[in-house]
Amino acid sequence: MEVKRCSRCGAFYTNQGYVCSKCTTKDNFELSQFKDFVEENGVEIDSLSQVSHQTGISEKNLTRFLDYEGLEGYKKLFK
Ligand SMILES: [Zn+2]
C-alpha cells in the first residue's frame, strides 16, 4: 500500500485522493469554491493571490488545485 503525506495537515495516509480522509471534505469544499470563483470571474482574475484574497483559500492550496485532474485548463489562467 502506498503511504502518502497529506499536503494540508502533514499526516500520513493511504486512502485514495490528494489529501488524507480527514481533510477530504474541506479540500473538496475549497476546490468547488475555487471552481465557482473561476467560473464567475474567469477573465477578470489576474493572479492566485487575488483568488486567495477573495475566497479565503490559501495560495498554497490553490496552487495544489491547479495540479488536480480536470483543472488543467485553469493553469493557463494563472501563468
Ligand atoms: Zn490531512
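Spacing of the modelled spin labels on D36 and K60, each 7 Å from Cα toward Cβ, amounts to 2.5 nm.
The lysine pair tally for the chain, using Cα distances under 16 Å and a gap of 8 or more places or different chains, is 8. Computed from point charges on the beta carbon alone (+1 for Lys and Arg, -1 for Asp and Glu), the dipole magnitude for the stretch 24-77 about its Cα centre is near 180 Debye. To the nearest ten degrees, helix 21-41 and the longest principal axis of the Cα atoms of the chain are 10 degrees apart. Subtracting the Cα-Cα distance of Y68 and K26 from their residue separation scaled by 0.36 nm leaves 13.6 nm. Peptide packing: for 7-17, 48-58, the average count of neighbouring Cβ atoms within 10 Å per residue gives the ranking 48-58, 7-17, highest mean first. Full extension of the chain between Q16 and E44 gives 6.7 nm of extra length, using 0.36 nm per residue less the Cα-Cα distance.
For the chain, averaging the sequence separation of C-alpha pairs within contact (under 8 Å, six or more residues apart) and dividing by the residue count gives a relative contact order of 18 percent. Are there cysteines in the chain with no other Cys C-beta under 4.7 Å, and if so, which? Cysteines lacking a close Cβ partner in the chain: C9, C23.
Can you give me the Cα centroid spacing of the stretch 1-41 and the stretch 62-79 in angstrom? The distance from the Cα centre of the stretch 1-41 to that of the stretch 62-79 comes to 14 Å.
A short reminder: the numbers here are calculations on the coordinates, not readings from a lab. What you see is a predicted model; the values in this text were computed from it and never measured. Reconstructed Cβ throughout: ideal geometry from the backbone, glycine too, with neighbour counts over all protein chains shown.
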